[in-house]
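To start, the structure itself, in structure tokens.
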Amino acid sequence: MQRNARAVGHALSSPQVRTAMHAPGGLRNPAGRAAITAAVAGAAFAHHHGGLWWRHAHGGFGWVGPVFWPYAYDDFYDYAWWGGDYDPFWDYGYGDLYAGLFGPYDYGTLNAYAAYLPETTGSVRRARAARTRDTSATLADMCGSDSKTIAGFPVEQFRNAIQPNAEQAAALDDLANASQQAAEIIRNSCPKDVALTAPSRLAAMQERVQAMRDAVNTVKPALNRFYGLLSDDQKAKITALAAEQRGAQQGDTSASGGSCAAAQSAAADSAMPWPSEQIERDVNPTDAQRASLTALQDATAKAADILKSSCPPSEARTPPARLDAVGSRLDAMLQALGTVRPALDTFYNSLSDEQKAAFDAIGPARNGAAMASADEDEAPRHSHHRRHHHGHGIGMRGLVFRMMGL
């Protein structure tokens, strides 16, 4: 765990991440944001991050330590304003809910991430101060610590493209202000504490998605008014500007991953199978608990179906239509969370402290096993040593969670 903590601190303070975070226009490219989240989310797992099971189809991550949906405003902003055949916004879905149920990070790694959350206190604050002497790339930055930066609404680009009259210019200014307010709403949903249990992770996830939905509601009236005032020629110019922006952002974001429906289906059907054997072995539920567990499993299956059926409509060709699609997707995510959370609470509350600790350790243990397997594949001459080392690490994680539970 100490090794994981050092890796997280190194990734957050590395020159490469700092440069990417603060390069002019660097975060306007979805591929750049995915690269940052990949570097930080997989820091504790070194070069094995390419095989991490909660990685998105286009390289990003839904969870970076305790933060769900880093760069949330930027992601829905890019799709709503610029569009595209497939955008990283649509990577978020069932896989992230699954990662919320079975948190991938161990206690030591989350402790390291906690030092970079805003408004921390006590020993964590002192650790944060020590680690961030020369660090400007933090989890708070990914949440939008500077709302003016993440809002980034291209007022001047739109103004130059359409040459608005006085009424249109006023509406454009109102839209810019609404965009700023939306960014602030999302920024305020950044977690102040680390969620260590499955119920608290899903609660944090729901709060984040609800904030995004509120942000959409804030922007929608201003966008509809502005767009409704435009002539057909001005709308065509905005369409051309969007095509230009999409061309500049292509990078690696459209190179792989397939369609939204395919990505969601892969996550639900094969990439993230329900860990029945681990639960049976480690949690050892009673018959009554097993009935609640079956209800939880059924609820997650329903959530997967909800999310698979809410992919982007092909006819969303204007900013108002794409913003409506964003709102519908967020509604589907809230519906999915609302389906799973009650079933999870019922099951989790039926567990003893020891069983809760075992359930919370399933995700970290799974990652530890995957790392051990990868190490053995890459260094067979030292396989015996590596099996011993990683097996011990998994046991220590379980011990930590048991101590927390007690």
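The values are calculated or read from the model by the stated rules, or taken from the named source; none is laboratory data. A quick note: this is a predicted structure, and the numbers were derived from the prediction, not measured. Cβ coordinates were reconstructed from backbone atoms using ideal geometry, including for glycine residues, and neighbour counts include every protein chain displayed.
In region 89-97, the condition of being touching a strand residue (DSSP E or B) at 6+ places or on another chain (Cβ under 8 Å) and either in contact (Cβ under 8 Å) with a residue 60 or more places away in the chain or closer than 14 Å to A325 by Cα (or both) is met by at least one residue.
Residues are listed down the side, and each one gets a yes or a no for (1) outside any loop (DSSP other than H, G, I, E, B); (2) modelled with pLDDT under 85; (3) more than 27 Å from Q206 (Cα to Cα):
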position: A7; (1), (2), (3): yes, yes, yes
position: P24; (1), (2), (3): no, yes, yes
position: R33; (1), (2), (3): yes, yes, no
position: A38; (1), (2), (3): yes, yes, no
position: P70; (1), (2), (3): no, no, no
position: G84; (1), (2), (3): no, yes, no
position: W90; (1), (2), (3): yes, no, no
position: L97; (1), (2), (3): yes, no, no
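Could you tell me which numbered condition I186 fails, if it satisfies all but one of (1) of a type outside the set (S, T, N, Q); (2) part of a helix (DSSP H, G or I); (3) more than 30 Å from G103 (Cβ to Cβ)? Against the list (1) of a type outside the set (S, T, N, Q); (2) part of a helix (DSSP H, G or I); (3) more than 30 Å from G103 (Cβ to Cβ), I186 comes up short only on (3).
Scanning region 226-233 for residues that are at pLDDT 95 or above and under 15 Å from R322 (Cβ atoms) turns up at least one hit. Among the candidates A130, A46, A137, the residue that is surrounded by fewer than 21 Cβ atoms within 10 Å (Cβ to Cβ), modelled with pLDDT under 75 and touching a helix residue (DSSP H, G or I) at 6+ places or on another chain (Cβ under 8 Å) is uniquely A46.
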